[in-house]
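Read the structure below first, then the notes.
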Amino acid sequence: MVLFNVSRIETTPFDGQKPGTSGLRKKVKVFVQTHYLENFVQASFNALTEEKVRGATLVVSGDGRYYSEQAIQVITKMAAANGVRRIWVGLNGLLSTPAVSAVIRERVGVDGSKATGAFILTASHNPGGPNEDFGIKYNMENGGPAPEGITNKIYEYTTTIKEYLIAPDLPNVDITTVGVTNFTGPEGPFDVEVFDSASDYIKLMKSIFDFGSIRKLLSSPKFTFCFDGLHGVAGAYAKRIFVDELGAQESSLLNCVPKEDFGGGHPDPNLTYAKELVARMGLGKSESEGEPPEFGAAADGDADRNMILGKRFFVTPSDSVAIIAANAVEAIPYFSAGLKGVARSMPTSAALDVVAKHLNLKFFEVPTGWKFFGNLMDAGLCSVCGEESFGTGSDHIREKDGIWAVLAWLSILAYKNKDNIEDKLVTVEDIVRQHWAKYGRHYYTRYDYENVDAGAAKELMAHLVKLQSSLSEANGIVKGASSDVSNVVHGDEFEYNDPVDGSISSHQGIRYLFEDGSRLIFRLSGTGSEGATIRLYIEQYEKNPSKIGRLSHEALAPLVEAALKLSKMEEFTGRSAPTVIT
């Protein structure tokens, strides 16, 4: 038993950003400033009720990005000093964001302990390395992100903090070996347990999906599979699930060794950044070598986002969640008793709305942020949900879940092919096109303008709000850009009244709604570490079966032109093209 003492260290407030449900994200060079991380951690402890700190069990892990190991040691020493009873750390400090949620909800310690929260060390899909991004967020006892009430308190404490508590003589814990290290301090025992980062998560996935049917699909010589971990934390699960449990070839895994700099890449699973997977799936700018696999998927740095691809075919995240919901009851055992309801974020296309109406399901449109889905799930109102930003999930946890989404698609493919596994396969493209034929197609794209001057971004948004007061002027601009676009009939800033807790979330995105069901959405995103990101969402619904086979960029071209003219995008930002198109 190692003894430790507690020290009170004087500090001064830092000018930190207000953390949202995605937490606090900054460049590493900011986090390594004296007391910066410590201030945020102490502010978090101060914002929580005493029973969630003193005597509590907390999870501390993340996506393994640069500075994670040092941060784990700092948080552990501060937790001990603040009266936390035990810390659970994933082996090598690795736990995906969905796995952290699962650990909080499902794991029981040998002494019967349950976690009441977690510090997750991740900047999600942002790059890692000494000159790149680091992030930290706090998740609650339901496994979901801290609600606004807590994040507001954390921010308030960061602006007034004068001291933090730490146990400076507590030795660094070896996080590379499974086991328990025991300490004792002024308030009694304190333990740090390092545990297998994959076993609890795999157990949960096996309780949701029929691994036998997926294994049968993967064993078919007609079916080929590829998964890209983008050198993120998904690699800690990929071999165990896809190879060891489901029988995929190890050669089907790309970039599944977690690296603190994500191999120098951008761990964002989209058509721009997942270059190797995109090329292998036959969607690159040059011809792919050999025949592409039938199915491809990727996850982001902390494995809560996903991208689904078929052979030479991209599935939009908006279509993905709608197709999962449409097939969940038949294809996924967890949902065999039926869906409680479905939900999507406001910028996500209305493809899920059509499924909900057809299946007579409860439907919710919420602001961007997983906490809104969590409220619905905790109230038993929602089973499947998704965001257009490559996030899909269900009520098995309270975070989006990249590997869950991959397994959901494999389950649907297995179900569709259960009677003809030796004949011509029903492919990813077949499933999507069958869905469009039944429900209609939502042509959809997103333009991201990253690291835009924050002042210019706010001016652009203010311009769009002002323009909504004169729809005739807006329609003049739209028609001037393209006569093929129908009239704007409504414009507003989206506001959400939460049916569970009654909270009101205002200014959640600027909407322009058109007579034919088309939509233009403009949002400022808080997921970057510097500057501002403007997201532009363009959607057009097509029910005519003869018109659902067009190329997306061709179908949307008139609306894109209208959106750029309406927003004066280049005039405000100086950008003639977006950073990323998805």
Notebook entry, point to check: What are the residues whose amide H is under 5 Å from the amide H of ALA303, where those residues sit 5 or more places off or on another chain and H is modelled from the backbone?
Noted result: VAL233, ALA234
Next item on the list: Determine, from the Cβ-Cβ distance of SER482 and GLU276 and an R0 of 35 Å, the FRET efficiency 1/(1 + (r/R0)^6), rounded to the nearest 0.05.
Entry: 0.45
Item checked: Hz values of 3J(HN,Hα) by residue in segment 494-502 - Karplus curve (6.51, -1.76, 1.60), Gly and Pro given as x -> 5, 10, 10, 9, 5, x, 8, 10, x
Next item on the list: Can you tell me the dipole magnitude for the chain around its Cα centre, using point charges on the Cβ only (Lys, Arg +1; Asp, Glu -1), in Debye to the nearest 20?
Entry: 640
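Past 23 Å, Cα to Cα, is the threshold; run LYS479/LYS568; LYS357/LYS424; LYS222/LYS285; LYS137/LYS362; LYS216/LYS311; LYS222/LYS418 against it and keep the listed order. It would help to have the intermediate numbers written out before the result.
Values: LYS479/LYS568 15 Å; LYS357/LYS424 32 Å; LYS222/LYS285 26 Å; LYS137/LYS362 31 Å; LYS216/LYS311 20 Å; LYS222/LYS418 13 Å.
Distance filter (> 23 Å) returns LYS357/LYS424; LYS222/LYS285; LYS137/LYS362.
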Margin query: To the nearest 20 Debye, how big is the dipole of segment 2-196 about its Cα centre, given +1 on the beta carbon of each Lys and Arg and -1 on that of each Asp and Glu?
Written below: 340
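Accessible area per residue, 1.4 Å probe, Å², for segment 441-571: what's the number? Before the final figure, lay out each step's value.
Details: 5950 Å² over 131 residues.
The answer is 45 Å² per residue.
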Check: For VAL342, which sequence-distant residues (separation of 5 or more, or a different chain) have an amide H within less than 5 Å of its own amide H, given hydrogens modelled in the peptide plane?
Finding: LYS362, PHE363, PHE364, SER383
Item checked: Separation of alpha-carbon centers, segment 135-161 and segment 240-306, rounded to whole Å -> 33
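Counting only protein heavy atoms, what percent of the accessible surface of the chain is carbon or sulfur at a 1.4 Å probe?
47
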Check: Under a point spin-label approximation (7 Å from Cα along Cα-to-Cβ), what is the THR49-ARG312 distance to one decimal in nm?
Finding: 5.9
Margin query: How far apart, in nanometres, would the label points at LYS568 and SER552 be if each is projected 7 angstrom from Cα along the Cα-to-Cβ direction?
Written below: 3.1
Check: Taking the highest mean first, how do the peptides 32-42, 536-546 order by number of other beta carbon atoms within 10 angstrom per residue?
Finding: 32-42, 536-546
Next item on the list: Would you mind checking the radius of gyration and Dmax of segment 2-196 based on alpha-carbon positions, in Å?
Entry: 15.1, 42
Item checked: For segment 27-96, the Rg and Dmax computed from alpha carbons only, in angstrom -> 12.2, 34
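When the chain is fully extended, how far beyond the present Cα-Cα distance does GLU473 get from LYS362, taking 0.36 nm per residue of separation?
36.3 nm
Based on the mean of other Cβ atoms within 10 Å per residue, sort peptides 106-113, 566-573 so the most packed one is first.
Details: 106-113: 12.8, 566-573: 18.6.
Top to bottom by mean Cβ count within 10 Å: 566-573, 106-113.
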Next item on the list: Name the residue farthest towards the positive end of the dipole of segment 2-196 from the options ASN142, THR159, THR184, assuming +1 on Cβ of Lys and Arg, -1 on Cβ of Asp and Glu, about the Cα centre.
Entry: THR159
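If you take the beta carbon distance between ARG215 and LEU3 as r and set R0 to 60 Å, what does 1/(1 + (r/R0)^6) give as a FRET efficiency, to the nearest 0.05? List each step's numbers first, then the result.
Values: r = 51 Å, r/R0 = 0.85.
Once the sixth-power term is evaluated, E becomes 0.75.
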Next item on the list: Evaluate the charge dipole of segment 452-582 about its Cα centre and quote only its size in Debye, nearest 20, assuming +1 on the Cβ of each Lys and Arg and -1 on the Cβ of each Asp and Glu.
Entry: 280
Item checked: Radius, Kirkwood style, for segment 416-561 when every pair of distinct Cα atoms is counted (Å) -> 17.9
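Probe of 1.4 angstrom, ligands and nucleic acids ignored: what's the accessible area per residue over segment 200-439, in square angstrom? It would help to have the intermediate numbers written out before the result.
Working: 8210 Å² over 240 residues.
I get 34 Å² per residue for segment 200-439.
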Item checked: At q = 0.07 Å⁻¹, base-10 log of I(q)/I(0) for the chain (Debye sum, equal scatterers on each alpha carbon) -> -0.41
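The values are calculated or read from the model by the stated rules, or taken from the named source; none is laboratory data. Remember, predicted model here, so these are calculated numbers, not experimental data. Cβ: placed from backbone, ideal geometry, glycine included. Neighbour counts: every protein chain shown. Surface areas here come from the heavy atoms of the whole protein model, side chains and all, with no ligands, DNA or RNA. Shrake-Rupley method; radii C 1.70, N 1.55, O 1.52, S 1.80 Å.
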